[in-house]
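The values are calculated or read from the model by the stated rules, or taken from the named source; none is laboratory data. Everything numeric here is computed off the predicted structure, so don't read it as measured data. Glycine gets a Cβ as well: all are built from the backbone with ideal geometry, and neighbour counts include every protein chain shown. Please note that ligands, DNA and RNA were not included when accessible areas were found on the heavy atoms of the full protein model with its side chains. Shrake-Rupley method; radii C 1.70, N 1.55, O 1.52, S 1.80 Å.
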Amino acid sequence: MQMKFLNWLAIAPAWILAAAIAQAAPRFEDSMAQRTLACTGCHGKEGRAGPDGYYPRISGKPAGYLYNQLLNFRDGRRHYGLMARLLDPLSDAYLLEIAQHFAALDLPYAAPPPATAAPAQLQRGQALVREGDPAHDIPACVQCHGDALTGAAPNTPGLLGLSRDYLNSQLGAWRTGQRRAHAPDCMARIARQLSPEDVAAVAAWLAAQPLPRDTRAVATLPRPPAILCGSAMRPAGRPQP
Amino acid sequence: MKRVIAAVLLGILTVVALVLFLNFRGEDEIHDAPPLTPPAGESVARGAYLVRAGNCMACHTERGGVPFAGGRAIETPFGTAYASNITPDRQTGIGDWSASQFWRALHNGRSRDGRLLYPAFPYANYTLVTRADADAMFDYLRSVSPVARANTPHRLRWPYSTQAALAVWRAMYFSPAQYRDDAAQTAEWNRGAYLVRGLGHCGACHTTRNALGANSDMLDLSGGVIPMQSWYAPSLASPGEAGLHDWETAQVVRLLQSGVADRGTVLGPMAEVVLHSTQHMAPADLRAMAVYLKALPRTTAGAADAPVAGVRMAERGAKLYEQHCAQCHGDEGEGVRGAYPPLAGNRAVTLPEAANLVQVVLGGGFPPATTGNPRPFGMPPFATLLSDDDVAAVVSHIRGAWGNKAGAVSEFAVSQQRGGIGR
């Protein structure tokens, strides 16, 4: 009898734990999170990024930025077969709602991996991000992406919390025209001014930066940017940002 | 010797004459002059509706392009055909076409300059469209904004690239036709038949094509693999596939209108059809199509001798199902009403041709976001997460569990399909 009771004691925590998990994660709820499980399959739980750095974080990015990217994938300005296929049957209005859902999530970031790049490369990266390179007509990243690099509403994404591989490949894709945006495609213009070494330096430095305390995109930039960037119009009947 | 040569030459001449005759028969007199007056508003509105019903925009628009300006690549086993610009631009579109030239394209499959058109443009179906409907469609297309976009030349392999080969194909497989009402049937059935077989060109996918790309019988709708797409358009005549004989008419209408119904959800190429075409159609027309489809002669798909999954594969499949699928589709494959389709007893799961199930597991997908179902629930792609033998195991499990009795799927079959994902 005593043995049986001890056995019960041993397994009780497992039962309690299982019950707690079952309560914490309801199997089905009529919510946007439930509807967008197709997104979080690759982009990680709640859109916090996939494990391999290839699928970027989408939670907390400005709604306008996410909406533009959804349209870009659907309409062939960015190329990834799985994305295009998922988005093909969706309407502009629903894509905006999906963008707004992920934009509204304010979740903690993981600490960045330690910088492995050479100091000279990191220095060049930092200089490009903070001051740009006026001699080569390269504006500073902070001019549009904000002093804290957390982005600016409504359409400009933050640049922190992304993997070095992702940053490298996106800037590279912009240089070659593989990644495009609505006209005027400001990032394409800037990326074409960057040398391959510049791209690598910027990516190495950005990927190694910790997030500031407030990770949200700023509502307004201190100075209006000198460059004009294109963006989609919101679907009919929705307020334009 | 001379006689033999003469006989051979005569034979060749006869065949050429026959091919030419078969290609140009049934053509009306052509008036070249493009219309001088703008189209009447009423005709434009009717044409817009018919152009939707024919889903012209889906092929005649490239990804992210201006509607009807052409350029979309249509992959075929014979090479790539590019849809043409059908905006009223005078240099690159159909701005200089006359109504009778437009009619000849739809009804006889010949272009303004007399060239034979490739049957990627489904004129084997469109030939049934009435002259009045064709004229309204032409009026609508004349009313859209002209876009200067030169047509992309087709890239088809020899000999399919030649007009001569196309002429022979047409002589064998195409004849212009008119839809004639079947007096034994109701007006509603006849309207449905006209839409399904003509403008709706359902048979272009839902009927098997032969080795030369022709639909063996464009009326039978007995299902076929869509060329180059790895999707199977299921039989609409077989109750074991997608036959609608025992569905309520209202449910068929709901499926075509919203993309979801109690007993089915559209995905893949059919989601595109519902999104761009059928959701915009009048309920009366959808009902007519439902009535026609429900009355199709029933066929029973021959129950193929289905391979059964081995014990190890079955165990692995069940485990993978519990890990990745059960959260949404339920422990017993019961699904969630209104969100996730049941897998137990779902015909889309147990089709003899397992292509669609593999496609959905690899690529995921959303049903179309329609007015009737504006915020669909999505399925994640598993192509990046599961290996080919994982997919084979879980798909085989689903096809054999909870009373489902369909055959196992091999790792090889999955690997063949994976190539088509993400293109």
Net +/- balance of residues flanking residue B:101 in space, Cβ distance below 15 Å, scoring K and R +1, D and E -1: -1
Taking all pairs of distinct alpha-carbon atoms in chain B, Kirkwood radius in angstrom: 23.4
When segment B:120-201 is reduced to its Cα atoms, the Kirkwood hydrodynamic radius in Å: 15.6
Heavy atoms of residue B:60: accessible area, 1.4 Å probe, square angstrom to 10: 30
Spin-label model distance (nm) - residue B:229 vs residue A:165, 7 Å beyond Cα toward Cβ: 3.3
Separation in nanometres of the label points that stand 7 Å from Cα toward Cβ, at residue B:15 and residue B:80: 3.3
Cα-based convex hull volume of the protein assembly as shown per residue, rounded to whole Å³: 244
Gain on full stretching of the segment that runs from residue B:331 to residue B:416 - 0.36 nm per residue minus C-alpha separation: 27.7 nm
Net charge contributed by nearby residues that have their C-beta within less than 12 Å of residue B:338 (K/R +1, D/E -1): +1
Cα centroid of segment A:158-177 to Cα centroid of segment B:295-374, whole Å: 37
Dmax and Rg, reported as Rg then Dmax, of segment A:119-207 (C-alpha, Å): 12.0, 36
Sorted largest first, extent of chain A alpha carbons per principal axis (Å): 85, 49, 34
Whole-number D in µm²/s for segment B:336-423 (Stokes-Einstein; Kirkwood sum over Cα pairs; 25 °C, 0.890 mPa s): 179
Calculated FRET value between residue A:109 and residue B:63, using beta carbons and R₀ = 45 Å, to 0.05: 0.85
Qualifying trypsin sites (Lys or Arg not before Pro) for segment B:61-109 [loop in DSSP, other Cβ within 10 Å: at most 12]: B:90
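Given C-alpha coordinates of segment A:57-154, what is the ratio Rg to Rh with the Kirkwood estimate of Rh?
Details: Rg = 16.9 Å, Rh = 15.9 Å.
Reported Rg/Rh (Cα atoms, Kirkwood Rh): 1.06.
I want the local charge near residue A:101. Using Cβ-Cβ distances under 11 Å, sum +1 for each Lys or Arg and -1 for each Asp or Glu among the other residues.
Summing Lys/Arg as +1 and Asp/Glu as -1 gives 0.
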Cα long-axis angle, helix B:283-294 against chain B (0 to 90 degrees, to the nearest 10): 70
Helix axis angle, B:249-258 relative to chain B longest principal axis, alpha carbon, degrees: 80
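Peptide B:269-281: average number of partner chain Cβ atoms within 10 Å per residue?
Values: counts 1, 1, 3, 2, 0, 1, 4, 1, 0, 0, 0, 0, 0.
Partner Cβ neighbours, averaged per residue: 1.
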10 Å Cβ neighbours from other chains, averaged over peptide B:358-367: 3
Efficiency of FRET from Cβ geometry, residue B:148 and residue A:133, R₀ 35 Å, rounded to 0.05: 0.35
Residue-level accessible surface for residue B:14, protein heavy atoms, 1.4 Å, Å²: 80
For chain A, Cys with no neighbouring Cys Cβ under 4.7 Å: A:39, A:42, A:141, A:144
Surface accessible to a 1.4 Å probe, residue B:143 within the full protein complex, Å²: 60
Share of Cα-Cα pairs in segment B:204-294 lying beyond 22 Å, as whole percent: 25
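Let me know the mean shielding of A:89-97 by other chains, meaning the per-residue number of their Cβ atoms within 10 Å of its Cβ. Display every interim value, and only then the final one.
Values: counts 18, 10, 8, 1, 3, 7, 1, 0, 3.
Per-residue shielding by partner chains comes out at 6.
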Nonlocal amide H pairs with residue B:89, under 5 Å, H built at 1.01 Å: B:94, B:95, B:147
Low-density loop positions, trypsin sites (Lys or Arg not before Pro), segment A:151-241 - DSSP coil, at most 11 other Cβ in 10 Å: A:213
Whole-Hz ³J(HN,Hα) from phi, Karplus 6.51 cos²θ - 1.76 cosθ + 1.60, for segment B:228-242, glycine and proline x: 6, 10, 6, 10, 10, 7, x, 5, 8, 9, 9, x, x, 10, 10
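Efficiency by 1/(1 + (r/R0)^6): what FRET value for residue B:164 and residue A:31, r their Cβ-Cβ distance, R0 = 56 Å, to the nearest 0.05?
Between residue B:164 and residue A:31 the formula returns 0.40.
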Fraction of alpha-carbon pairs over 18 Å apart in segment B:14-173 - percent: 60
